[in-house]
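Right, one structure below, let's go through it.
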Amino acid sequence: MIRRPIVEFAGLGVAVPDRVVTNADFEKTLETSDQWIVERTGIRERRVAGPEQTVAMLSRDASLLALAAAGLGPEDIHGIILGTASPDRLLPSTACDLQALLGAKNAFAFDVAAACPGFLFALNVAEGLVAAGQGENMLIIGAEKLSTISDPTDRSTAILFGDGAGAAIVRKATGGSGAVLSTYMKSDGRLADLLYRPGGGAVDPISDKVVAERSHFIKMAGREVFKSAVKTMAEACDKALERAGITADQVDMLVPHQANLRIIEATAKHAEIPLKKVMINVDRYGNTSSASIPLALDQGIKEGRIQPGMTLLLVTFGGGFTWASAVVKW
Ligand code: UT7
């Protein structure tokens, strides 16, 4: 029997590009409307990075804030685990590029390919590595530049996604705040083709054909993904609570993946957590995939809605399919 907490959050930081793209901006290029986007998704605007701002750079900015909050320097990091669905390059990992930018010379670094749950998968991995004695201070990141893998001509996906990064220092538990009381992750690869990028990988390497077919961009069967999201987010809530040995009424704040306001509402309803105890910022950032949970956490802290000692339920879902959750005593 493993005794938790093994790790605790010691610092958090986020970074988003300055440029705001509103629903009205999409009305100029796509057959869509602000009303449709708000009603069906809850999104009003999202951030988009320019060519000069890479995923590694967004990650660096978020990581430096997380390090400062933890009172640590880059050389104190033992491991860098970066969740992303939009890596800067296919080789090497964005985590290695981030390591170089930070000067984190004592760390190992690798990416986690788990789509939107990337940040919580990274948390699960960090917890396991600390338990295995691979180091005491892990830097976990969820960072995306989804604007580069979304098809600007596809109204069913282009309007959904945004860019941004969130980072946290997860260290060996000291009995302090931020204790991770439970973690959970699960996947179902049979559903991969409901949310995927068909071209540009080893199966169908980048070619004129891939580009002409636009198969290097995200393809999504929205309605099917929606149904699975509601189901798996519910299961993930139950599992994290069960593993932490608590019930939903003991949760002070639900911090769900920000994909769609209707999915968030359904998740809260399943968990019987009132909406006033739910972090929602999908309206401001859209779906930032793996960055979404740290961005919501950070907003809750800055707004004073998340306070030390609160019990948080983090839950997420994404392509793969993958889903994950955690309970944290903040
Ligand atoms: O991060 C985790 C992974 N992603 C998700 O969790 C996303 C899950 N899915 C969703 O959030 C929703 O399914 C969407 C927001 C993507 C779509 O909403 P929906 O209510 O499921 O719409 P739909 O796909 O069933 O489409 C309804 C209609 C269609 O028109 P017809 O066939 O009824 O004439 C679409 O062509 O809405 C149309 N449509 C749009 N109309 C205006 C699709 N996108 C747009 C758009 N503007 N941007």
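Would you be able to say whether some residue in region 51-60 is assigned to a loop (DSSP other than H, G, I, E, B) and among the hydroxyl-bearing types (S, T, Y)?
Restricting attention to region 51-60, the residues satisfying the condition of being assigned to a loop (DSSP other than H, G, I, E, B) are 51-54.
Then keep just the ones that are among the hydroxyl-bearing types (S, T, Y); that gives 54.
Checking region 51-60: at least one residue is assigned to a loop (DSSP other than H, G, I, E, B) and among the hydroxyl-bearing types (S, T, Y).
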Output for Cβ contacts, cut-off 9 Å, separation at least six or different chains, first residue of a type in the set (S, T, Y) in region 124-153, second assigned to a strand (DSSP E or B), reads S147/V21; S147/R46; S147/R47; S147/F161; S147/D163; T148/D163; S150/F161
Could you check region 15-27 and list, in sequence order, the residues that are more than 24 Å from the chain's Cα centre (by Cα) and more than 10 Å from the ligand (Cβ to nearest atom)? A24, D25
Options S63, S93: the member that is within 28 Å of Y196 (Cβ to Cβ), crowded, with 18+ Cβ neighbours inside 10 Å and not assigned by TED's automatic domain parsing to the domain that holds S187: S93
Identity of the residue in region 28-56, open to solvent by less than 60 Å² (accessible area, probe 1.4 Å) and within 28 Å of K105 (Cβ to Cβ), that ends up nearest to the chain's Cα centre (by Cα): V55
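If you check D88, D97, which single one turns out to be more than 13 Å from the ligand (Cβ to nearest atom), part of a helix (DSSP H, G or I) and either over 22 Å from F9 (Cα atoms) or without any contact (Cβ under 8 Å) to a residue 12 or more places away in the chain (or both)? Full working, then the answer.
Working: D88 fails: part of a helix (DSSP H, G or I).
So the residue among D88, D97 that is more than 13 Å from the ligand (Cβ to nearest atom), part of a helix (DSSP H, G or I) and either over 22 Å from F9 (Cα atoms) or without any contact (Cβ under 8 Å) to a residue 12 or more places away in the chain (or both) is D97.
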List the pairs whose first member sits in region 184-196 and is polar (S, T, N, Q), whose second member is within 15 Å of the ligand (Cβ to nearest atom), and whose Cβ atoms are under 7 Å apart, counting only residues at least 6 apart or on separate chains? S187/G320; S187/F321; S187/T322
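Looking at region 166-209, which of its residues are in a strand (DSSP E or B), over 23 Å from A107 (Cα atoms) and within 16 Å of the ligand (Cβ to nearest atom)?
As a first pass, look at region 166-209 and keep what is in a strand (DSSP E or B): 166-172, 179-187, 195-196.
Retained after the next criterion (residues that are over 23 Å from A107 (Cα atoms)): 181-187, 195-196.
Across region 166-209, the qualifying residues are M185, K186, S187, L195, Y196.
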So G304 ticks every box in (1) of a type outside the set (D, E, K, R); (2) touching a Cys at 6+ places or on another chain (Cβ under 9 Å); (3) without any contact (Cβ under 8 Å) to a residue 12 or more places away in the chain but one. Which box is left unticked? (2)
Any residue at all in region 211-231 that is more than 15 Å from the ligand (Cβ to nearest atom), of a type in the set (D, E) and open to solvent by 70 Å² or more (accessible area, probe 1.4 Å)? yes
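Looking at D154, D188, D204, which one is open to solvent by less than 70 Å² (accessible area, probe 1.4 Å) and not assigned by TED's automatic domain parsing to the domain that holds P308? Walk me through how you get there before you give the answer.
Details: D188 fails: not assigned by TED's automatic domain parsing to the domain that holds P308; D204 fails: not assigned by TED's automatic domain parsing to the domain that holds P308.
Checking each option against the conditions leaves just D154.
The values are calculated or read from the model by the stated rules, or taken from the named source; none is laboratory data. Quick caveat, the model's predicted, so the values are computed rather than measured. Every residue, glycine among them, receives a Cβ derived from its backbone with ideal geometry; neighbour counts consider all protein chains shown. For accessibility, only protein heavy atoms count, side chains too; no ligands or nucleic acids. Shrake-Rupley method; radii C 1.70, N 1.55, O 1.52, S 1.80 Å.
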